[in-house]
């Protein structure tokens, strides 16, 4: 007769665990015997990860085929306009955007951002080529792309050169947003031949200045900064 070592309940000889507390029943005379193999697999199966090179080949083939077939379809069937330029431009943009992630991960971030800006500018030029007038591209489209690209380059530079945290990143962001809005409004008013004045962007500028002052105060005061980080789990 045997008893559970944990709760003391009487155990039947055929039991492998205590029916009351589920403590395993171990027979000292059987510790050296081989335990039966588990009917379930021990190793967990895992699907093989797709290699970056293979993914890059697939992406390049799909984008090239899409652009080429649309170009042939444009030239041979629907030839009333060069609409295939829009598809080809999208394929070029997708290739440039995914190049650092799929083809060459060591591409410097500054170069990658510049290439993205150039790709977007080329695509907008293709659209302008198909429109009756391209003034919007030179006066608004291209300056906006250049401004956004420059802002991203500056943000990346500051993130690498200064100790980057959520608070400092938010400060840089709320400095760039009003500057971009002010430049955008001035470019729009210049394009439609209106006086170069700030209206709606002045509201954005005012709100962002208030936020910037609050963020600078938090960053300067160590106790306040630590308290904000602790409460917001930064």
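Observations on the model:
- Any hit, segment 71-87, residues being under 51 Å from the mean Cα position of the chain (by Cα), at pLDDT 75 or above and more than 30 Å from residue 124 (Cα to Cα): no
- Flag for residue 142 being under 21 Å from the mean Cα position of the chain (by Cα) and either surrounded by 15 or more Cβ atoms within 10 Å (Cβ to Cβ) or in a helix (DSSP H, G or I) (or both): no
Residue-wise test of (1) surrounded by 16 or more Cβ atoms within 10 Å (Cβ to Cβ); (2) in contact with a helix residue (DSSP H, G or I) (Cβ under 7 Å, 6 or more places away or on another chain); (3) in a helix (DSSP H, G or I).
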position: 152; (1), (2), (3): yes, yes, yes
position: 171; (1), (2), (3): yes, yes, yes
position: 185; (1), (2), (3): yes, yes, yes
position: 193; (1), (2), (3): no, no, no
position: 202; (1), (2), (3): no, no, yes
position: 210; (1), (2), (3): no, no, yes
position: 214; (1), (2), (3): no, no, yes
position: 224; (1), (2), (3): no, yes, yes
position: 227; (1), (2), (3): no, no, yes
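- Hits in segment 146-169 (condition: closer than 19 Å to residue 213 by Cβ and under 17 Å from the mean Cα position of the chain (by Cα)): 166, 169
- Residues of segment 177-228 classified as in contact (Cβ under 8 Å) with a residue 24 or more places away in the chain and under 20 Å from residue 165 (Cα atoms), total: 11
- In segment 99-112, the residues that are farther than 16 Å from residue 160 by Cα form Cβ pairs under 7 Å with partners that are surrounded by fewer than 16 Cβ atoms within 10 Å (Cβ to Cβ), at six or more places apart or across chains, as follows: 99/107; 100/107; 102/52; 102/55.
- Residue check, residue 107 touching a helix residue (DSSP H, G or I) at 6+ places or on another chain (Cβ under 9 Å) and in a loop (DSSP other than H, G, I, E, B): yes
- Boolean, residue 124 is free of Cβ contacts under 8 Å to residues at least 60 places away in the same chain, assigned to a helix (DSSP H, G or I) and closer than 19 Å to residue 176 by Cα: no
The values are calculated or read from the model by the stated rules, or taken from the named source; none is laboratory data. Being a predicted model, the structure only gives us computed values, none of them experimental. Note that we place each Cβ from the backbone using ideal geometry, even for glycine, and neighbour counts take in every protein chain shown.
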